[in-house]
Amino acid sequence: MSVFSSVLNSDAVTAVLVIPIVAAALLALLPGYRMPARLNVFASLLTFLAALSLFVTGQPAPGQYLLVDDLNIAFIVLNAFVGFTTSIFSASYIAHELEIGRLTPANLRFYHAMYQIMMFGMNLAFVSNNIGLMWVAVELATLTTVLMVGLYRTHEALEAAWKYFILGSVGIAFALFGTILVYLAAQPVVGEGYDAMVWTILIEHAAAFDPALLNVAFVFLLLGYGTKVGLAPLHAWLPDAHAEGPTPISAVLSGLLLNVALYAVLRFKMLLSANPDALAPGPLMMTMGLVSLIFAAFMLYRRRDIKRLFAYSSIEHMGIIVFAFGLGGPIANFAGLLHMVMHSLTKSAIFFAVGHIAQIKGTQRLSAIRGLTETHPGLGWGLVTGVVAIAGLPPAGIFMSEFLIVSSAFAKQPLLAIPLVFGLLIAFGALLLRLTGAAFGQPRGSVMPADASYIPMYAHLALVLIAGVYLPSPLVAWFQHIANLLR
Amino acid sequence: MSGPVLDIAHMLAGGLVLVSMMMLYQDRLYALLNVFALHSLILTLSVAWQAFVQDAPHLYVTAAIALLFKAIVIPVVLHRMIRQLGIHREIETVVGIGLTMLAGIGLVALATAVMLRVTPQADPLAREDLAFALSVLLLGLLIMVTRRNAVSQVVGFMSLENGLVLAATGAKGMPLVVEISVAFSILIAFIVIGVFLFRIRERFDTVDVRALDDFKGRRRK
């Protein structure tokens, strides 16, 4: 256990970054699958513990490259937790894929190394204090997922990866252009060089920046990072990437990568809010959020593929979250944060269930999946709980956050609250309709016993249910504090 | 800043926009690659000029990478690949050339109108450079949208990257990003060439992305 304690004692921020990189190097070299899968879980656990220790070690002073504040601790801990549970799910998922020959050991070596590099990229994006470094980190995480989406090398997987790459590169370009514009806005005030890209310095001086330049920069940044959040006009890569890649990747895409891009948008939104003359970022975000919500809600009805169904549900929920942050104010921000955490937990739990279900049935077609609660009660009831939670029924945590968002929308923008509620109800109907088909009725398809790992799924669902009934007051106070930071 | 300095910088950046427009109407892969090499060559000159004007020696590195990698290595490699795959036939564009050119002119006008309006206080060198850079970026997007062929989409993306490098070098004293964005364009080029093209070839015997569209899995959606 000496490694363990030395990791805790050393700088926690460095540990969060170094562990995945070292693990990636090891995993790229190790043959076989049992050992690497375990190492993958172990490294993810270590990263999670390092992330938790950020609470204990306190926050180091922001440097030129790295920053730890209350906002990003929340993201890092969530990221590391879901990364850890997904690695457990991944181990059992991968074993089955190897058995039926969809993946080869060589694929797996690549897959595990990429998994850790992706975790590194996401953690780096969260802790970076430099907007250029943040851009690089988001791109690194995106590129690794592009490669993993294409892992199966089928027609569909290649097409999905290509589409993801092309649309992602449009996002890459827009986000970098926006970043350059922010630098140009900062340069006359802060001076040339590194300082004009350091976020903590930027936010201090943001009031003196040229507002027109900031406005244009934000539009590019919102479009660029918004592509990766999966907002409506730029979402086309998301359902394909979710449906055709390995399911553990669908889980981290929905649960984590979308949050990374959202985090970038939030950072720049704070910058814009700090400048009194700049355009208010709220209405732009609210519009994109609402359009995504309503569009995805209608698309849910026509899905025939179970993974595509939940991919559209991710677009819907990202829309709700972006709407909440666009609305602003302490309550809406609080609800947005809560919704983000709940969505990450619930959606990845659903993908854990879906991954095993698709393996048992040998297909992702919804019409081939019937009566799961009868044949596979463990998975079936897990799916039921997950979908009921994601649809926004009480007592799950998502009900609470959606309730807060709707009520604060009624208080601030009653006209916008109507399409919001409309979208929520449409999505609710679609999800329950699909759920009753899959979970109940006459069983159809293969009934072979599931060799599933239930712990990650039920751990997530338990957290979501508990959060809906009882939120510990320190957590509430902490979220409120972050909500006030966001303004 | 004196007149000739600005003039040369603008001439080079404007030249980049012109070459981007030339890419729009290339209907053969070899020709498209040659124009892309020219594009990268002009970018090299532009970056080198900025390095000289701003007295920023690290930009010479960027210029050297642009010259070696984008103007020489990538076009040569793609040339060989096209010959080996035997796909040097015509490029099927989605829209007609006339319409594409009109759209290109519109995008350049839009870029200029937006960037010049929001940057009245900025350094004049950066100001017009940004307008040109945004034009190159949007034209790169247009190339990607109007082509069906995977190779020409990659070329469109790399020309878009050239626009970003132009913007980053035009912003005086911008740290970090120049080197990293160049490193990224190399990485992306590797990924695209190495992974995608070979895998697409492996499966389809063609690099025409439309072949992928046929397998779109409509039945499964």
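Bear in mind these aren't lab numbers, they're just calculated from the coordinates by the rules spelled out. Quick caveat, the model's predicted, so the values are computed rather than measured. Neighbour counts are summed over all protein chains in view; Cβ atoms, including those assigned to glycine, are modelled from backbone coordinates with ideal geometry.
Give the shape of the protein assembly as shown as rounded, prolate or oblate, defined through the alpha-carbon gyration tensor: a ≥ b ≥ c are the square roots of its eigenvalues, a/c under 1.5 means rounded, and otherwise the shape is prolate if a/b is larger than b/c and oblate if not.
Prolate, since a/c reaches 1.5 and a/b exceeds b/c.
Treating the beta-carbon of each Lys and Arg as +1 and of each Asp and Glu as -1, no other charges, what is the dipole magnitude of chain A about its Cα centre, to the nearest 20 debye?
Computed charge dipole of chain A: roughly 1280 debye.
For segment A:19-86 and segment A:176-208, what is the separation of their C-alpha centers, rounded to whole Å?
Result: 30 Å between the Cα centres.
Taking neighbour Cβ counts within 10 Å as the exposure measure, how do A:Glu139, A:Glu99 sort from fewest upward?
A:Glu99, A:Glu139
Cα gyration tensor of segment A:293-359, axes a ≥ b ≥ c as square roots of the eigenvalues: rounded (a/c below 1.5), prolate (a/b > b/c) or oblate?
In terms of gyration-tensor shape, oblate.
Between the alpha-carbon centers of segment B:146-165 and segment B:41-78, tell me the distance in whole angstrom.
Centre-to-centre (Cα) distance: 18 Å.
Taking θ as phi - 60°, what are the ³J(HN,Hα) couplings along segment A:431-437 by the Karplus curve (6.51, -1.76, 1.60), each to the nearest whole Hz, with x for Gly and Pro?
5, 5, 4, 5, 5, 4, x
Which ³J(HN,Hα) values in Hz, rounded to whole numbers, follow from the phi angles of segment B:27-35 under the Karplus curve 6.51 cos²θ - 1.76 cosθ + 1.60, where θ = phi - 60° and Gly and Pro get x?
Once rounded to whole Hz, the list reads 10, 10, 5, 4, 4, 4, 5, 4, 5.
If you plug each phi of segment A:160-168 into the Karplus form 6.51 cos²θ - 1.76 cosθ + 1.60 with θ = phi - 60°, what whole-Hz ³J(HN,Hα) values come out, in order, with x for Gly and Pro?
So the J values, rounded to whole Hz, are 4, 5, 5, 4, 4, 5, 5, 5, x.
Taking amide H positions as placed 1.01 Å from N in the peptide plane, with prolines and chain starts having none, which residues 5 or more places from A:Leu66, or on another chain, fall under 5 Å of its amide H?
A:Asn129
Is segment A:37-116 rounded, prolate or oblate when judged by the Cα gyration tensor, a ≥ b ≥ c being the square roots of its eigenvalues, rounded requiring a/c under 1.5 and prolate requiring a/b larger than b/c?
Here segment A:37-116 falls in the prolate category.
Sort A:Val13, A:Val464 by Cβ crowding within 10 Å, fewest neighbours at the top.
Ascending Cβ contact count within 10 Å gives the list A:Val13, A:Val464.
Output the pairs from A:Lys163/B:Lys172; A:Lys269/A:Lys307; A:Lys269/A:Lys347; A:Lys307/A:Lys412; A:Lys307/B:Lys70; A:Lys228/A:Lys361 with a Cα-Cα distance over 29 Å in this structure; if there are none, say none.
Over 29 Å apart, Cα to Cα: A:Lys163/B:Lys172; A:Lys269/A:Lys307; A:Lys307/A:Lys412; A:Lys307/B:Lys70; A:Lys228/A:Lys361.
Once both labels are modelled 7 Å past Cα along the beta-carbon direction, what's the B:Ala109-A:Phe440 spacing in nm?
Here the modelled spin labels are 6.0 nm apart.
Between A:Ala236 and B:Gln121, what is the label-to-label distance in nm when each label sits 7 Å out along the Cα-to-Cβ direction?
3.9 nm
Less than 10 Å Cβ to Cβ from B:Ala171, Lys/Arg counted +1 and Asp/Glu -1: what total charge do the surrounding residues give?
Net local charge, B:Ala171 excluded: -2.
Could you work out the helix-only [θ] at 222 nm for the protein assembly as shown, with each DSSP H run of four or more residues adding -39,500 (n - 2.57) and the total divided by the number of residues, to the nearest 500 deg cm²/dmol?
-25500 deg cm²/dmol
If we count every other residue with Cβ under 15 angstrom of A:Met457's Cβ, Lys/Arg +1 and Asp/Glu -1, where does the sum land?
Charge balance in the 15 Å sphere: 0.
Taking the Cα centroid of segment A:448-477 and of segment A:236-265, what is the distance between the two, rounded to the nearest whole Å?
Computed from Cα coordinates, the inter-centre distance equals 21 Å.
If I take R0 = 25 Å and measure r between the Cβ atoms of A:Leu432 and A:Ser407 in this structure, what FRET efficiency does the formula 1/(1 + (r/R0)^6) give, to the nearest 0.05?
With a Förster radius of 25 Å, E is 0.65.
Distance in nm between label sites at A:Val476 and B:Val95, each 7 Å beyond Cα in the beta-carbon direction?
Using points 7 Å along Cα→Cβ, the separation is 5.5 nm.
Out of residues 5 or more away from A:Arg370 or on other chains, whose amide H comes under 5 Å of its own, with H placed 1.01 Å from N in the peptide plane?
Distant-sequence amide H within range of A:Arg370: A:Arg444.
Using 0.36 nm per residue of separation minus the Cα-Cα distance, give me the extension gain between A:Leu485 and A:Val447 in nm, one decimal.
Full-extension gain reported as 8.6 nm.
Taking H as built 1.01 Å from N, whose amide H comes closer than 5 Å to the amide H of A:Asp305, not counting residues under 5 places away?
Placed amide hydrogens put A:Leu366 under 5 Å from A:Asp305.
Among A:Lys412, A:Lys361, A:Lys228, A:Lys269, what is the fewest-to-most ranking by other Cβ atoms within 10 Å?
If I rank by nearby Cβ atoms, fewest first, I get A:Lys412, A:Lys361, A:Lys269, A:Lys228.
Give me the net charge of B:Met144's neighbourhood, meaning all other residues with Cβ under 13 Å from the Cβ of B:Met144; Lys, Arg count +1, Asp, Glu -1.
Counting the neighbours of B:Met144, the net charge comes to +2.
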